[in-house]
1. Report the longest stretch of the chain that contains none of the GluC sites (Glu not before Pro) sitting in a DSSP loop with at most 11 other Cβ atoms within 10 Å.
2. Roll a 1.4 Å probe over the protein chains and send me the accessible area per residue for the stretch 69-220 in Å².
3. Can you list the residues, at least 5 places off or on another chain, whose amide H is less than 5 Å from the amide H of Phe133, using H built in the peptide plane?
4. Counting only protein heavy atoms and using a 1.4 Å probe, what share of the accessible area of the chain belongs to carbon plus sulfur, as a whole percent?
5. Under a 10 Å cutoff between Cα atoms, tell me which one of Ala231, Ala54, Ala124 has the largest fluctuation in the Gaussian network model of the chain.
6. If the reach is capped at under 19 angstrom between alpha carbons, list the lysines near Lys47, excluding any in the same chain fewer than eight residues apart.
7. Cα centroids of the stretch 209-275 and the stretch 157-205: how far apart, whole angstrom?
8. Count the net charge of all other residues whose Cβ sits under 13 Å from the Cβ of Tyr162, scoring Lys and Arg as +1 and Asp and Glu as -1.
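The values are calculated or read from the model by the stated rules, or taken from the named source; none is laboratory data. Here the structure is a predicted model, which is why all the values come from computation and not from measurement. Neighbour counts are summed over all protein chains in view; Cβ atoms, including those assigned to glycine, are modelled from backbone coordinates with ideal geometry. The area values use the complete protein model at the heavy-atom level, side chains included, leaving out ligands, DNA and RNA. Shrake-Rupley method; radii C 1.70, N 1.55, O 1.52, S 1.80 Å.
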Amino acid sequence: MFLEQGIKTQNKFGLYLVGSVLIIIASFIGQIPFSAAVLYSSFINKKEVPTDDAAVMKIFEPNLTLFLVMISFAFALVGVYFVVKYIHHQTFLSVTTSRKKVDWKRILFSFGLWSFFSVLSFVAVYFKSPESFVWNFKLVPFLILFVVGSVLIPIQTTTEEYVFRGYLMQGFANLARNRWFPLLMTSIIFGSLHIFNPEVEKMGYIVMVYYIGTGLFLGVITLMDEGMELALGFHAANNLVGALLVTSDWSVFQTHSIFKDMSEPSAGFDVILPVVVVYPILLFIFSKKYNWTNWKERLTGEINVLES
């Protein structure tokens, strides 16, 4: 069982706090290239270093910014591997899945399914208000985006999944010895880390329903499927398809996507729609395909592990 794989005598919760600090340090080390590039640019151009995050993200060409920002996640992923193997003395597989090996078919199915839903929903929004979008496609910048994004965005999303649905999920399970507490805590923390995104500033805190709801959805499919494969595929599709398909001046990243959203952001039902309608549909599809049963026990049950 997935959570039980992290229940070990030596895995006290304090050890997870130490591990989390080490992962954060690894991430900070990975941010050095971007910080150095910002300082160098300011020095060469004889300008003050921007203090506003939005201004910092617009210093460089979008593809270069994407590359420099995503590097930190590669360092963080190495940090996760180090902490799991040398601090907790677990295999990396044990924080990935309860199966004997990673099920790539699950990852690809989830990736394809959410890519289809994402494109379909964009098409619906586009035909509803085509005046809100402009054609942003430029072949060479888009091809560079496609290559950089296809490599680094999955690394970013994989890192986040290993931290939240893998490492911290098992950490909170060690603390509480039940399933509902890790599910709830990782969802809240995952959503809260998006609170400084420009989307929140533009649309208000109501958009946190989407972020926390998405964290909850990813946690549910991880616990029901006894592994992170479905969450890995979904998260990669969500960020990669979004980066390739549409950008805006108020989003976290401005990319050389196919379309650009020119509308003013507003928090309407479309913010809550994925959480209350789309995600339940996905849960139904996954549950039928993978024969999920005993939902209450898998999501809220106690964890009983006999330790030597």
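1. So the longest stretch without any such site is 49-306.
2. 50 Å²
3. Met262
4. Ligands and nucleic acids excluded, carbon and sulfur give 70 percent.
5. Of the options given, Ala124 has the highest mean-square fluctuation.
6. Answer for Lys47, where 19 Å is the Cα cut-off: Lys58, listed by chain and number.
7. Taking the Cα centre of each part, the stretch 209-275 and the stretch 157-205 sit 15 Å apart.
8. Working: positive: Lys85, Arg165; negative: Glu160, Glu161, Glu229.
Result for the neighbourhood of Tyr162: -1.
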